[in-house]
1. Which value, in debye to the nearest 20, gives the size of the charge dipole of segment 25-66 about its Cα centre, when Lys and Arg are +1 and Asp and Glu are -1 at the Cβ?
2. Give the accessible surface of the chain per residue, rounded to a whole number of Å², with probe radius 1.4 Å and ligands, DNA and RNA excluded.
3. Based on the inverse mean of 1/r over its pairs of different Cα atoms, what is the Kirkwood hydrodynamic radius of segment 1-73, in Å?
4. Could you go through segment 23-37 in sequence order and give the Karplus-derived ³J(HN,Hα) for each residue, using 6.51 cos²θ - 1.76 cosθ + 1.60 with θ = phi - 60°, rounded to whole Hz, and x for Gly and Pro?
5. Using a probe of 1.4 angstrom, how much of the accessible area of segment 147-262 is carbon and sulfur, in percent?
6. Can you tell which of Gly174, Thr242, Ser108 lies farthest toward the positive end of the dipole of segment 99-246, using +1 and -1 charges on the Cβ of basic and acidic side chains (Lys, Arg; Asp, Glu)?
7. Taking the Kirkwood radius as the inverse of the mean 1/r across Cα pairs, report the Rg/Rh of the chain.
8. Highest first, please rank the peptides 31-41, 54-64 by the mean number of other Cβ atoms sitting within 10 Å of their residues.
Amino acid sequence: MMRAAYAGLAVVGLTDHDTFDGLGEAMAAGPRFGVKVLPGLEVSCQLGDHEIHLLGYGCRRDDANLLAELELLRNSRTGRLLRMVEALRAAGIGITLEDVRTAASGASTIGRPHVADAMIARGYVADRDEAFRDWLNEGRPGFVRRYSCDLTRAVDLVHGAGGAAVLAHPWARGADAVLTPDTIAALTHEHQLEGIEVDHPDHTPEQRSLLFDLGGRLGLIRTGSSDYHGSGKKDHELGCETTRETAYRELCTRIQMRGGLLWRSAV
């Protein structure tokens, strides 16, 4: 939150993967630095053969159905880690599960970025980009598929918890192959999807323009995101992409309409 204040941000959305961890601390710290925290999470989803990420802003953190799904997702990560480590060791990368846990520093949600950090610590790669490109992305020696929530079910779970559902980086990393304009339209009309991320570091200028126009035609909230993950992720600096104030206010309105939690009421 201090870094957000230094970056000149008035509001930050905290949306970690498959967990609400960190929200309490962030929302307690935010007022000390004059930063509002919009609570949320990022749900790992599946559509066809692609992993899709769905943001849930303002979800109630005591919703039993959503919590049960998040536990399934986190458990699937744990089982995947061992298989990833075994696959990497077979390919000559001599890290251990304990190395990965050390790199995660006690985080409740441990994933590929922490495997990458363990590889960096052992000197096998220079940074996360190299780790993912050569070892951890789909089709590389250390990639292992895991359970992900069906995308339409995830949208419904977010709504059931009072949150607003926004597609994260919908056309990044090849996801445009399955998240076509027709698919996004169907999610909007049939499941009341609220928004799409338009301004994201992994979107090209052409993709941003097309997504902005698509969102306008569908009545979707068009948000931005730096997708900041801390020092380990390059070219995603805190505040490098932002959301327009009008879009943020509309997002808050949708959350209130669904009975979700905003920064005023979530602590």
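The values are calculated or read from the model by the stated rules, or taken from the named source; none is laboratory data. Note that this is a predicted model, so its numbers are computed, not measured. All Cβ positions, glycine included, derive from the backbone under ideal geometry; neighbour counts span all protein chains shown. Surface areas here come from the heavy atoms of the whole protein model, side chains and all, with no ligands, DNA or RNA. Shrake-Rupley method; radii C 1.70, N 1.55, O 1.52, S 1.80 Å.
1. Rounded to the nearest 20 debye, it is 360 debye.
2. Computed with neighbouring chains in place, this is 47 Å² per residue.
3. One over the average 1/r among Cα pairs gives 13.3 Å for segment 1-73.
4. Here the 3J(HN,Hα) series is 5, x, 5, 5, 6, 6, 7, x, x, 5, 10, x, 10, 7, 10 Hz.
5. C and S atoms contribute 50 percent here.
6. Value: Ser108.
7. Ratio value, two decimals: 0.95.
8. Going by the mean number of other Cβ atoms within 10 Å, highest first, we get 54-64, 31-41.
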